[in-house]
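A short write-up of the structure that comes next.
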Amino acid sequence: MPSVLICQPMLRGRAGRFRDILIEAGLDPVDAEGGNALTADELRRALPRVEAMIVGVERLTADVLDHAPRLRVAARTGVGHDGIDLAAARERGVVVTITPGVNHESVAEHVFALLLALTRDLERNSRVLHAGGWERREGVPIRGRTLGMYGSGRIARAVAVRARAFGMRVAAHDLAPPNEFDVRHEIARVTPEQLLAVSDVVSLHVPLTDATRGLVDAGFLAAMKPGAYLINTARGGLVVDADLRAALDSGRLAGAGVDVFQQEPPGPSCPLLGAPNLILTPHVGGVDALAIEEMAETAARCIVDLYQGRWPARCVVDGSLREGWSW
């Protein structure tokens, strides 16, 4: 019976429809042993025995894949796949899938969880009260302010709907042309320079590529409005951590909310740790209870489709493998 390694920590040891889908298809789900994100050594020990895997934030490098001679499918829970060496996967005939259209609502809600925590100073207010204090300080309103979205994909659109409900103005920069959604929700399409100049909040919604790596550097931050907020629920590599730390230390930014890191979990030398006016969360934006179930089921169905000879084109990252590929 082909084995499917469950790497995603929120799914290990957890019952769910995704397990039933795999078992009913004649596949054997096996829970990985290790930490929250499996290390390369942990993966090397587990992968020689499996034909498929459900991946969380694990890094699948060429070296790791060299220890997976039977691997046919790596099904990622989420839409980002920058942690997977696609060229190495292609060379070894490993199909990589993602789960589009599943967790964008969860991420959008998390954007506002971070923003409201910052503007209402929730962490400090709670800490002071727990210590026996009572300090009433004015919060920062978001109604009437401008939310600038760097990117306008599915997550950004979900964020825009919520921003309009909060009474915010919305601007967006994206290489894709404006569309009917922009008109319906009164989203202004602007240049990057205009976005940074007018936005009280900048929220990042672009993938991590060679072109976007280090996008948010000292120049980017200097071009933002003084007293603005930065929210990053996209990818840690978009931001130069030392530059963001400097902008927070100087008070140029009023605050930032960060859910993603260049290294996950971040090491003790990460410049962001201990920064003022910074809310950090451990890459949980896209994994609320509903989203994780739907992502797990989609990943399982992708594995079953490929096992049974169907090609889930909407979810496959590299379609060039389709010709001649088989389990």
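Assorted remarks:
- Of all residues making up the range 154-165, the number that are small (Gly, Ala, Ser), surrounded by fewer than 21 Cβ atoms within 10 Å (Cβ to Cβ) and within 22 Å of Leu215 (Cβ to Cβ): 1
- Hey, Arg252 among the basic types (Lys, Arg) and touching a residue at least 24 places away in the same chain (Cβ under 8 Å) or not: yes
- Qualifying residue in the range 228-238 (condition: in contact (Cβ under 8 Å) with a residue 60 or more places away in the chain, part of a helix (DSSP H, G or I) and in contact with an Asp or Glu (Cβ under 8 Å, 6 or more places away or on another chain)): yes
- When the range 198-217 is limited to residues that are among the aliphatic types (A, V, I, L, M) and surrounded by 14 or more Cβ atoms within 10 Å (Cβ to Cβ), the one that is farthest from Asp241 (Cα to Cα) turns out to be Val198.
- Candidate set from the range 257-292 (those that are of a type in the set (A, V, I, L, M) and under 17 Å from Val102 (Cβ atoms)); member that is surrounded by the fewest Cβ atoms within 10 Å (Cβ to Cβ): Ala289
- Which numbered condition Gly151 fails, given (1) on the phi > 0 side of the Ramachandran plot; (2) free of Cβ contacts under 8 Å to residues at least 60 places away in the same chain; (3) crowded, with 18+ Cβ neighbours inside 10 Å; (4) of a type outside the set (A, V, I, L, M, F, W, C): (2)
- Conditions (1) at pLDDT below 95; (2) not in a loop (DSSP other than H, G, I, E, B): number failed by Pro265: (2)
- Meets criteria (under 18 Å from Ala296 (Cβ atoms) and in contact with a His (Cβ under 9 Å, 6 or more places away or on another chain)) for Val73: no
- Selection of the range 166-197 for residues being crowded, with 16+ Cβ neighbours inside 10 Å and among the β-branched types (Val, Ile, Thr) yields Val170, Ile187, Val190.
- Of all residues in the range 40-99, those satisfying the criterion of being in a strand (DSSP E or B) and not aliphatic (A, V, I, L, M) are Arg76, Thr97.
- Wholly enclosed helices (runs of 4 or more DSSP H) of the range 132-199 bearing at least 2 residues β-branched (Val, Ile, Thr): 154-165
The values are calculated or read from the model by the stated rules, or taken from the named source; none is laboratory data. Fair warning: this is a prediction, and the values are worked out from it, not measured in the lab. Glycine also receives a Cβ, built like all others from the backbone with ideal geometry; neighbour counts cover every protein chain displayed.
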